[in-house]
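A short worksheet on the structure shown next.
The values are calculated or read from the model by the stated rules, or taken from the named source; none is laboratory data. Only a predicted model underlies this, so the values are computations on that prediction, with no experimental measurement involved. Positions of Cβ are backbone-derived with ideal geometry, glycine not excepted, and every protein chain shown enters the neighbour counts. Remember, those area values only see protein heavy atoms, side chains included, never the ligands or the DNA or RNA. Shrake-Rupley method; radii C 1.70, N 1.55, O 1.52, S 1.80 Å.
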Amino acid sequence: MLVVAAMIGGTTTPARAAWQAGASVVSGSLTMAQVGSRFAAVAGRGAVAANGASWSITGLATAATGYVDLVNASTVPARLSLTVTAGTLVGVSPAAVCSQPWNTTTGACPGTATQIGLAMVLGTSTGGHSTEALLPVAGRVHLKASVTGVLNTVTLTAADVVPRPAGDRTTS
Amino acid sequence: MPHRRHRASGAHHCGTCPPRRPRARRVTALALAAGGAALVSTGALSSWDATAKVDSGDLTASSGETTLLDANGGAFSAAVANLLPNDYFHRYVDVRNDGTQVHTYTGTVSATGDLAGYLSVDAVTCSVPWTTVAGASICGGVQGTSLVSGASALNAPVVLTHGSIATGAAAAQHVRYTFTFASNAPSSLQGRAGKVTIAVNNTLVGGNDRTSG
């Protein structure tokens, strides 16, 4: 009798059984941005490191000039920056930025050229440059570096990349 | 032989024949007996049949259908690329009760993929459809309290209390979900992806006294 009663009791539990009803939706893919920069050789002397993070030019007995771009490798607009180091500092700064691609034949800047200032720190000349405005994706900073006939090496190194400010992404 | 002739003719003129029960009397007796039995059997339980019936009104099972509608020109299924820390986006959804009676709703918001744990959600209702004016999200009616207590990280599904929603489009609940990408998201997440899912459920529980409708 107890067994029967227990069985009956067990079957009466769903008396207040509830019906479930609902709906759901799934968003599209939400993807995080990638932020970075890399050097891309343009013309002349000098070489880009394998990881794209630096570019160097070395002068031995003769003067040499090289052209290189720092590329915004981010998936979002960003401000790029770089540092310049030189073993010795003779005369003017060995590195300059042009607002337009350099004329690699004449060495002239078709736009506005800006010398990258260097300062001697612990026996090494060091300077830096940052873009004032956000560069679009794949945008470039056009650089030229020269070394004189004196044994010298100029190295450009990619520095901080500052992406666009955070904001409302509801429609973009 | 004469007896046979008399029987065959049906006449009863034999004065020497022994007395015998007349056939008519036997038939009458049987008929009376049968009639009496019939009278007894019906008369004892006799009644007049008079029946009446009523049918109930239609008894209809409740329906709890729910629909989630994109609102304010947006689409919940729209993808968002190139999220940066502190980026946020709104998604507007109308929760419409397409069932047959008022129901109480609960909801969940969950995240999957690499961004789970670095997204937070806030959800708030408006008494009228949300609008966007000059890029700003506007509630032109009465803005409700947040369905979640502040922005909640989506490490696990977050439960929302939508409350009671009546049937029909006019009673739809206008919800604005705001998803924010965490400011402390590590750079190792660059290029990674995830998704968010919203769900709204109602539970139809019986056991109520429906005597009066």
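Structure above, values below:
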item	result
Test for B:Val200: is it more than 23 Å from B:Asn72 (Cβ to Cβ) and either among the β-branched types (Val, Ile, Thr) or surrounded by 12 or more Cβ atoms within 10 Å (Cβ to Cβ) (or both)	no
Filter result (more than 8 Å from chain A (Cβ to nearest Cβ) and either in contact with a helix residue (DSSP H, G or I) (Cβ under 9 Å, 6 or more places away or on another chain) or in a loop (DSSP other than H, G, I, E, B) (or both)) within the stretch B:184-213	B:Asn184, B:Pro186, B:Asn208, B:Asp209, B:Arg210, B:Thr211, B:Ser212, B:Gly213
Single residue of the stretch B:96-111 satisfying the filter (part of a strand (DSSP E or B) and aliphatic (A, V, I, L, M)) that is least open to solvent (accessible area, probe 1.4 Å)	B:Val109
Counted residues, the stretch B:76-86 - those being open to solvent by 50 Å² or more (accessible area, probe 1.4 Å) and within 17 Å of A:Ser24 (Cα to Cα)	2
Breaking point among (1) more than 9 Å from chain A (Cβ to nearest Cβ); (2) farther than 17 Å from B:Ala171 by Cβ, for B:Asp98	(2)
Residues located in the stretch A:133-163, provided they are closer than 22 Å to A:Gly52 by Cα and part of a loop (DSSP other than H, G, I, E, B)	A:Leu134, A:Pro136, A:Val137, A:Ala138, A:Gly139, A:Ala159, A:Asp160, A:Val161
Odd one out for B:Phe89, checked against (1) open to solvent by less than 20 Å² (accessible area, probe 1.4 Å); (2) more than 13 Å from B:Ala182 (Cα to Cα); (3) in a strand (DSSP E or B)	(2)
Search result, residues across the stretch A:61-84 that are surrounded by fewer than 20 Cβ atoms within 10 Å (Cβ to Cβ), modelled with pLDDT of 90 or more and among the hydroxyl-bearing types (Ser, Thr, Tyr)	A:Thr65, A:Ser81, A:Thr83
Residue match in the stretch A:119-132 (condition: crowded, with 19+ Cβ neighbours inside 10 Å, more than 30 Å from A:Thr31 (Cα to Cα) and β-branched (Val, Ile, Thr))	no
Residue tally, condition assigned to a loop (DSSP other than H, G, I, E, B) and over 18 Å from A:Thr155 (Cα atoms), over the stretch A:94-116	14
B:Leu115, sole failed condition from (1) in a strand (DSSP E or B); (2) within 8 Å of chain A (Cβ to nearest Cβ); (3) surrounded by 17 or more Cβ atoms within 10 Å (Cβ to Cβ)	(1)
Selection count, the stretch A:1-60, where residues are outside any strand (DSSP E or B), more than 14 Å from chain B (Cβ to nearest Cβ) and either at pLDDT 70 or above or touching a strand residue (DSSP E or B) at 6+ places or on another chain (Cβ under 7 Å) (or both)	8
Members of the stretch B:56-73 that are open to solvent by less than 40 Å² (accessible area, probe 1.4 Å), in a loop (DSSP other than H, G, I, E, B) and at the interface with chain A (Cβ under 7 Å from one of its Cβ atoms)	B:Gly64
